[in-house]
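A short worksheet on the structure shown next.
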Amino acid sequence: MRKILFIFTICLVYSFSNICLAHWLPKSELFVGGVGPGCTLEYVASVYGQPKEKRWFNSDGVRGVTYIYSPYFSITGRTGSRDPRPESELIVVGYTLKNNSLSTQSGLTVGIPYETVAGMYGTVKKEYDSYRNKFYYSYDWDDEKRHYFQPVMCFFVDKNNIITEIYVGTDW
């Protein structure tokens, strides 16, 4: 009886530990095509060239720009509104990917089933974004040095649970 109770306890602890760790991604997964949070916009331009369009913003103590490369891919860099650094030195805080032209280091991209992500990093709760009118799964990244503008990675899905958009950003 003790042996069965011991095995049951071990299985229970293992199950709960998987649930607790399931929502963490390695930082490398936040990058597409070698670009992600922490890079400068100068580096982005060296990898992807100049964007087709730039959208500037300056509000709530934040100044930044979104580089739009296509209707399917954009990258945002920002800093404090009083920070005098030039555009090229702004730090990337996120991106939006809406097609499969780019993927993460492990091959996560638009068009694959969410179950692929869940198989690699565990399942998280499916949530609804009323602003975008879409369902998504959201993961934090594994970093011991937590800070206020901690990026999250969201996988937006269609009714068949196929990834339609990948968003990485701090505005969540």
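Looking at the range 67-104, which of its residues are assigned to a strand (DSSP E or B), over 17 Å from GLY49 (Cβ atoms), out of contact with any helix residue (DSSP H, G or I) (no Cβ under 9 Å at 6 or more places or on another chain) and without any contact (Cβ under 8 Å) to a residue 60 or more places away in the chain?
ARG78, GLY80
For the range 88-132, what are the residues that are charged (D, E, K, R) and in contact with a Phe, Trp or Tyr (Cβ under 9 Å, 6 or more places away or on another chain)? Step through it out loud before you land on a result.
First, the residues of the range 88-132 that are charged (D, E, K, R): 89, 98, 115, 125-127, 129, 132.
Within the range 88-132, LYS98, LYS125, LYS126, GLU127, ASP129, ARG132 meet the criteria.
Would you pick out the residues in the range 52-80 that are under 17 Å from THR40 (Cα atoms) and among the hydroxyl-bearing types (Ser, Thr, Tyr)?
Those that are under 17 Å from THR40 (Cα atoms) and among the hydroxyl-bearing types (Ser, Thr, Tyr): THR66, TYR67, TYR69, SER74, THR76, THR79.
Under the condition of being exposed (fewer than 15 other Cβ atoms within 10 Å of the Cβ), of a type in the set (D, E, K, R) and at pLDDT 95 or above, which residue from the range 140-172 is nearest to SER103 (Cα to Cα)?
Selected residue: ASP158.
What about VAL93, is it touching a Lys or Arg at 6+ places or on another chain (Cβ under 6 Å), under 24 Å from VAL47 (Cα atoms) and either surrounded by 20 or more Cβ atoms within 10 Å (Cβ to Cβ) or modelled with pLDDT of 95 or more (or both)?
Numbers: touching a Lys or Arg at 6+ places or on another chain (Cβ under 6 Å): yes; under 24 Å from VAL47 (Cα atoms): yes; either surrounded by 20 or more Cβ atoms within 10 Å (Cβ to Cβ) or modelled with pLDDT of 95 or more (or both): yes.
In short, yes.
Looking only at the range 28-48, count every residue that is part of a helix (DSSP H, G or I), loosely packed, with under 14 Cβ neighbours inside 10 Å and in contact with a strand residue (DSSP E or B) (Cβ under 8 Å, 6 or more places away or on another chain) and tell me the total.
Here the count works out to 1.
Taking only the range 49-59 into account, find how many residues are surrounded by 13 or more Cβ atoms within 10 Å (Cβ to Cβ) and within 17 Å of THR170 (Cβ to Cβ).
1
Could you list, in sequence order, the residues of the range 116-139 that are surrounded by 15 or more Cβ atoms within 10 Å (Cβ to Cβ) and not in a loop (DSSP other than H, G, I, E, B)? Break it down stepwise before answering.
Residues of the range 116-139 that are surrounded by 15 or more Cβ atoms within 10 Å (Cβ to Cβ), as a first pass: 116-118, 121-124, 134-139.
Correct list: THR116, VAL117, ALA118, TYR121, LYS134, PHE135, TYR136, TYR137, SER138, TYR139.
Restricting attention to the range 60-90, report how many residues are surrounded by fewer than 17 Cβ atoms within 10 Å (Cβ to Cβ), of a type outside the set (D, E, K, R) and either modelled with pLDDT of 95 or more or at positive phi (or both).
Going through the range 60-90 one residue at a time, the tally reaches 6.
The values are calculated or read from the model by the stated rules, or taken from the named source; none is laboratory data. Keep in mind it's a predicted model, so treat the numbers as computed, not measured. Positions of Cβ are generated from backbone atoms using ideal geometry, with glycine treated the same way; all protein chains shown enter the neighbour counts.
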